[in-house]
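Novice: My structure is below; once you've seen it, I'll send some questions.
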Amino acid sequence: MAATLAAAAAPLASQPRVFGYCRARVVRPSWRIIARGALGIEVTGEDDGEDLSMEFANIHEGESRRRSCAADVVRVALHGQRTDGDDAIERCLKRLPLPDLQVPKSLLNLASPGSSSPSHALRSSLHPRKLRVPDVEDALVCGCELTPGPRRDGARRMRCRRANEYLAELFLLAGLHLEGPTRPNPLSRFDLFHAHLWTGETSCEGRVVPVVGLLMHAMEYPRADPSAGFELDLGRCHFQSSCAYDPAAMASRNLLWCATADEGWAEFCALDTSEGKALGERGLCVVPELHTTFEGDFGEVAGDVLYLHAPLDRRAREKVFAFPR
C-alpha cells in the first residue's frame, strides 16, 4: 500500500496530523522524499533541483485539488447542488441526523472574523481548569496515548456546557450511524474517538459565509487482517483492536459536520470516498489507500476534540476533551 504523502513539502501550518495512519513531518528540501506505505516518510539520497522542483509542483497541485474539492463538499453539504458536478458530490454525501439542540453560539463564534486565529479562539473558549485524560479500554497498558500531545499535559473542556453537550451528541449520533453487526461498538478507542475542529468560509448566493466544522475520522485502528489485504502496523494503539477491517467501512470513515457562523444552519454527513465516486476521483483523500482526509483542506484548524465513550461513571458531556493546536 504505497501512498505519496501529498503534504510532505507543504508549510508546517498545513501539515496533516492524522491520529493513526500517518504523521507527516517537514523535511529538508535538499533530500528526496519517498513514501513507503502509509505510516511514514523515508528520506534517502540527494536530489537535483529540477527533479525536486517537479516533485514539489506535483505536491502543491495535489493540495490545491484537495482543497478545491473540500470547499465544494462544504458548499454542497450546506446549500445543496446547483450544477452537474454538485450533483455528483451530493451522491457521495449520506445525510445524518443532527442533535435536537441548537448549535451553541460558543461553537459558531470560533469562526468569528475578529479572532486572531481559530486556535486562539478555541483556546479562549475553554474552561481554565486542566483535566486528567482517563485511560480507556486498557490503552496505557498497550502503550497507547490517544491524545494529540502528551497525555500528562492534560486537556480542557469548553467553558459553555451546551457546547460540550452538543459535541457529545454529535459523536453519539455518529455512533448510531456506524453501528452494525460487524461494528457493535463503534465509539471505541479503535474506531471513532476523535474529530478535528476547523473554521473556514463558503459561498452562498454570491456572498461569503464563515463556517465552523468538525471532521471525524472513524476506523482509526482496525486490527490487521491479512485475509482482507490489510496488514499495516499502526503502532501500539491497534494492539488488541476490536475493530474489524472492512473496505466498505473504510470508504465511509470520514464524517463531516459544518455550520454557518451567521445563522447556525448545520449539516452532518458521511463522505463516500470510494474509488470511482466523485470525491475519490477528485482526490479528496491525502492517503487514498486508507481513505484519510486532511482537516486542513477544509479550513484553518483550530484543534482536536476527543470523545472517550468508555467510562460509565461520566455523563456524555464529561467525556469531551479539547486540544487547541
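Novice: Please sort 297-309, 77-89, 134-146, 260-272 by packing, taking for each peptide the average over its residues of neighbouring beta carbons within 10 angstrom, highest first.
Specialist: 297-309, 260-272, 134-146, 77-89
Novice: Averaging sequence separations of C-alpha pairs under 8 Å and six or more residues apart, then dividing by the length of the range 199-312, give the relative contact order as a whole percent.
Specialist: Values: 160 pairs, mean separation 27.7, N = 114.
Rounded, it is 24 percent for the range 199-312.
Novice: What per residue convex hull volume, in Å³, comes out for the range 68-146 when only alpha-carbon positions are used? List each step's numbers first, then the result.
Specialist: Values: hull volume 17.1 nm³, N = 79.
Residue-normalised Cα hull volume stands at 216 Å³.
Novice: For Asp304, what residues show an amide H to amide H distance below 5 Å, using hydrogens built from the backbone and excluding near sequence neighbours?
Specialist: When sequence neighbours closer than 5 places are left aside, the close amide H contacts are Leu197, Phe323, Arg325.
Novice: For the range 80-324, with only Lys/Arg (+1) and Asp/Glu (-1) charged at the beta-carbon, what is the dipole magnitude about the Cα centre, in debye rounded to 20? Working shown, then result.
Specialist: Values: 28 positive and 34 negative charges, 264 e Å.
For this selection, approximately 1260 debye.
Novice: OK, next. Within 15 Å, Cβ to Cβ, of Leu176, how many net charges do the neighbouring residues add up to if Lys/Arg are +1 and Asp/Glu are -1? Working shown, then result.
Specialist: Values: positive: Lys94, Arg95, Arg183; negative: Asp100, Glu169, Glu179, Asp191.
The answer is -1.
Novice: Amide H neighbours of Cys243 under 5 Å, at least 5 residues apart or on other chains, H built in the peptide plane: list them.
Specialist: Arg223
Novice: Order the peptides 109-120, 153-164 from the highest to the lowest mean number of other Cβ atoms within 10 Å of their residues. Before the final figure, lay out each step's value.
Specialist: Details: 109-120: 15.9, 153-164: 18.2.
My ranking of the peptides, most packed first, is 153-164, 109-120.
Novice: Separate question: Kindly state, as a whole number, the per residue volume in cubic angstrom of the convex hull around the alpha carbon atoms of the range 80-324.
Specialist: Details: hull volume 31.8 nm³, N = 245.
Value for the range 80-324: 130 Å³ per residue.
Novice: Sticking with this one: Can you compute 3J(HN,Hα) from phi for each residue in the range 119-132, using the Karplus curve 6.51 cos²θ - 1.76 cosθ + 1.60 with θ = phi - 60°, rounded to whole Hz and x for Gly and Pro?
Specialist: Per-residue couplings from phi come out as 4, 5, 5, 5, 4, 6, 8, 8, 5, x, 6, 8, 10, 7 Hz.
Every read-out reported here was derived from the displayed coordinates using simple, explicitly stated rules and does not represent laboratory data. Small disclaimer: the values here were computed from a predicted structure and weren't measured. As a convention, Cβ positions derive from the backbone with ideal geometry for all residues, glycine included, and neighbour counts pool all protein chains shown.
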